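Only one structure is covered here, and it is reproduced in the block below.
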Amino acid sequence: MSDERLRGLLEKAFPDTPAVFHERMAQIAENEAARKKRVAGRVFGALRIALVCVVILFGCTGALALMNHFGVLDIYSILGMPPYYPLPEAEDLVQKDLADVQIGSLEWQVDEAVFDGRILRILFSVRDVNGTPVQTPAPEKLLRGGSAGEIMFRDLCQREQMNLKLIGNGEVLVDGRPCFIQYMEFLPGDDPCVVVGWVDCRMEGLDDDAGEIRRYLPEGYMVVEMPFGYDREKNETDPDSLAFVLKAGDAASRYAVPLPAPCTLDSGAVFAFEDLHFSPVQVYMDYTITVPPERTGDLPEDEFLLMDAAESRPEFQARPRLMNARDEVLGERREMHYGVHVGDDGSLVLSVHVEFTPSDRYTDTVYLVSDTWKVPIPLKQ
Amino acid sequence: MQREEFLAEAMACERTLYRVAKTILRSDFDCADAVQEALLKGLKNAPMLREKQYVKTWLTRILINTCKDMLRRAGRARTVSLSDACSAADRNLENIELYDALQALDEKLRIPVVLHYLEGFPTEEIARMLKITDGLVRRRLWQARKELREILKEEAI
């Protein structure tokens, strides 16, 4: 069953919002309005909110329309995401004009792609060849969810009844293996008939047979398929995709750094790197901090409480930064996520994934540093 | 962010908020209590929120925590109100079966299913809401579909 069909069934299965719920929300809105009148003696109506929405919407659209002139490595800093400065040699990894297909009245182009050994970044565009412009969404449509670009992308695709598996599944196929999309965004193009999209794809996916997450880091060439699904009938997905061949080269191994041996922190917890990758596009790290059972105390079974217990430990609270031997901070932390679980032996294990922008100030050994620990990473053996 | 801006965003998410609360709590009255508590917490902290686009995710996260707190306070006791029974009667058998199957899933599986398949949140955002890894969210979605298939003896899910 497709995700869309499951969504449809769940929509029908859930009861309608009951009056008691709606009334409670309305009551809070009324109370807030009364509070505001009392406090300020001024009336701000829905018109003001609508105007703010319109200003924000058109402000964003105007700024983002400039996007088409940038390449895939320029994208991140444009939307106000954390600073992103790839090293100049990252340009060698950029491959351009990889695919151009027309489905009905829509022309799909893969303009640029970059694979740095850990993340595959794809910049693509969709154009209505009939020249029918894509409408900027009304503010009330924006309030219901989705960015202006995504709403415009969906509107454009609906012209050809595209199923948009790319959005629904959140996966790109690499050599036939599903790989998770980490980040996806759509922006109005500088041509009113064009929407630009980009995808950051992590090179790991769910193995359906085993139910396990599997990493896939190809070398040489890889076939990339971005599934859209072409709905010619009703809610039936025909396999269709925007496919292209990308030179992966040896990026997966070239920028990988040999893992140092695990070390014991002052708190008694064991720190171990699982992956270290210093590409000219970005730095990626996976590591674990394991608190042995004799130091954990009683651990709660509830997942939320377990997370709270983990976060209250000094070695877990720290936000790491990357530093060189001269104590200079290297790059900006861009992405960090973590999870906690209890190991088979009762230990408390924190698994962290963190990414930094690259730097041209590496020393032979750099350090991952928190407020309570400093772990060396030898870059040159 | 101004409080009234936050509230306007929140009101636009009413349906999502109800369905998320209903995924964790059975009684509609409990759901209403939870959303009230979550909205008040959200309003109090709204000035700290800079990006309007995150209201829905942020409020949903507050609501999930509030619902879980309510369950903890109530010792995980669950009750079905008369109004719930009435609303169930209005829906057809197939839909009730799916809803019941969903409710039969462990809460850890049920919440990602509703957030992802029904409300369209990306797995990455769900991971942040639930403070678990993206991979674990996807694994739970996979596990949920597998269990739903078994419960409903339905090949297609």
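Over all residues in A:171-181, what is the mean tally of Cβ atoms on other chains that come within 10 Å of each residue's Cβ?
Working: counts 1, 0, 0, 0, 0, 0, 0, 1, 0, 7, 3.
The mean count of partner-chain Cβ atoms within 10 Å per residue comes to 1.
So if I take the alpha carbon set of the range A:256-378, get Rg, then get Rh from the Kirkwood formula, what is the Rg over Rh ratio?
Working: Rg = 14.8 Å, Rh = 15.0 Å.
For the range A:256-378, the value is 0.98.
What pairs from A:96/B:108; B:52/B:108; B:68/B:146; A:12/B:108 go past 31 Å between their alpha carbons? All intermediate terms of the calculation are to be shown ahead of the outcome.
Working: A:96/B:108 43 Å; B:52/B:108 28 Å; B:68/B:146 25 Å; A:12/B:108 22 Å.
Where the Cα-Cα span goes over 31 Å, the pairs concerned are A:96/B:108.
Using the Karplus equation 6.51 cos²θ - 1.76 cosθ + 1.60 (θ = phi - 60°), what ³J(HN,Hα) coupling, rounded to whole Hz, does each residue of the range A:103-117 give in order, writing x for Gly and Pro?
Listing the rounded values in order: 10, x, 8, 10, 9, 9, 10, 9, 7, 8, 8, 9, 10, 9, x Hz.
Can you give me the distance in nm between label points at residue A:263 and residue A:158, each placed 7 Å from the Cα along the Cα-to-Cβ direction?
5.7
Note the full-extension length gain between residue A:207 and residue A:91 as 0.36 nm times their separation in residues minus their Cα-Cα distance, in nm to one decimal.
On the way: separation 116, 0.36 × 116 = 41.76 nm, distance 3.26 nm.
Going from the current span to full extension adds 38.5 nm.
Can you put A:191, B:33, A:116, A:266 in order, fewest other beta carbons within 10 Å first?
On the way: A:191 16, B:33 19, A:116 24, A:266 9.
So the residues, fewest neighbours to most, are A:266, A:191, B:33, A:116.
Near the amide H of residue A:335, under 5 Å away, which other amide H atoms are found, from residues 5 or more places off or on another chain, if H is placed in the peptide plane?
A:355
Go through A:119-128, A:344-353, A:290-299 and give me the packing order, highest mean Cβ count within 10 Å leading.
On the way: A:119-128: 22.9, A:344-353: 16.4, A:290-299: 14.4.
Result, highest mean Cβ count within 10 Å first: A:119-128, A:344-353, A:290-299.
Along Cα→Cβ, 7 Å out, is where each label goes; now give me the distance between the ones at residue A:191 and residue A:298 in nm to one decimal.
Distance between the two pseudo-spin positions: 6.7 nm.
Once you have the Cα-Cα distance between residue A:33 and residue A:363, take 0.36 nm times their residue separation minus that, and quote the gain in nm to one decimal. Mind dumping the intermediate values first?
Details: separation 330, 0.36 × 330 = 118.80 nm, distance 5.83 nm.
Length difference between fully extended and current span is 113.0 nm.
So how far apart, in nm, are the two label points at residue B:149 and residue A:345 if each is 7 Å from Cα heading toward Cβ?
Label at residue B:149, label at residue A:345, 3.7 nm between them.
Computed from the coordinates by the stated procedures, all read-outs in this text should not be read as laboratory data. What you see is a predicted model, and the numbers here were worked out from it, not measured in a lab. As a convention, Cβ positions derive from the backbone with ideal geometry for all residues, glycine included, and neighbour counts pool all protein chains shown.
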